[in-house]
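Taking it in order: structure first as structure tokens, then the write-up.
The values are calculated or read from the model by the stated rules, or taken from the named source; none is laboratory data. Just so it is clear, the structure is predicted and the values come from calculations on it, not from any experiment. For neighbour counting, all protein chains shown are included, and Cβ atoms are generated from backbone atoms with ideal geometry for every residue, glycine included. Remember, those area values only see protein heavy atoms, side chains included, never the ligands or the DNA or RNA. Shrake-Rupley method; radii C 1.70, N 1.55, O 1.52, S 1.80 Å.
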Amino acid sequence: MKKLLLIALLFISASSFAQQTKKVDDAQKTISKVIANPNPFTSSTLITFYNKKEQKVILTIKNLLGKTVSTFSVNSKKGNNNIPFYRDGLVSGIYIYSIQTDEEIISKRLIIR
């Protein structure tokens, strides 16, 4: 009986510390069709996305260790948007690029040859 109470107490306390996340359904999403082309690339690539409204967008490039290697802030327009990205001394490898708005973050893989 004591073990059962202890397990219940641990479960309740652990669930109270669980991170709450806001689920965004497809109707609420403002950014879509995120593509880097070409990918993989050697010197530069063009990151394109579709935006449902004018808003500030932050493009972040991180290495696989999670260290931010580049950040851009862009005032995007409604419709198709393009952000050029240049290698600028980054070593060959796999990176993660993220497009962030006030409501959402979309992350994808980027490969530099």
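Only Cα pairs under 8 Å and 6+ residues apart enter the sum, and on that basis the relative contact order of region 23-113 stands at 31 percent.
Summing +1 for each Lys or Arg and -1 for each Asp or Glu among the other residues whose beta-carbon sits under 14 angstrom from that of residue 42 gives +1.
A simple rule links phi to the HN-Hα coupling: the Karplus curve 6.51 cos²θ - 1.76 cosθ + 1.60 with θ = phi - 60°, which for region 64-78 gives 6, 7, x, 7, 6, 10, 6, 9, 10, 10, 10, 8, 7, 9, 6 Hz, with x for Gly and Pro. Accessible surface of residue 88, taken over heavy atoms with a 1.4 Å probe and every protein chain present, rounds to 130 Å².
For region 41-96, what is the accessible area per residue in Å², given a 1.4 Å probe and the full set of protein chains?
On a per-residue basis, 61 Å².
Sorted largest first by accessible area at a 1.4 angstrom probe radius, with every protein chain in place, the residues 105, 61 fall in the order 105, 61.
Annotation for residue 87 and residue 107: the two label points, set 7 Å from Cα along the Cα-Cβ direction, are 2.5 nm apart.
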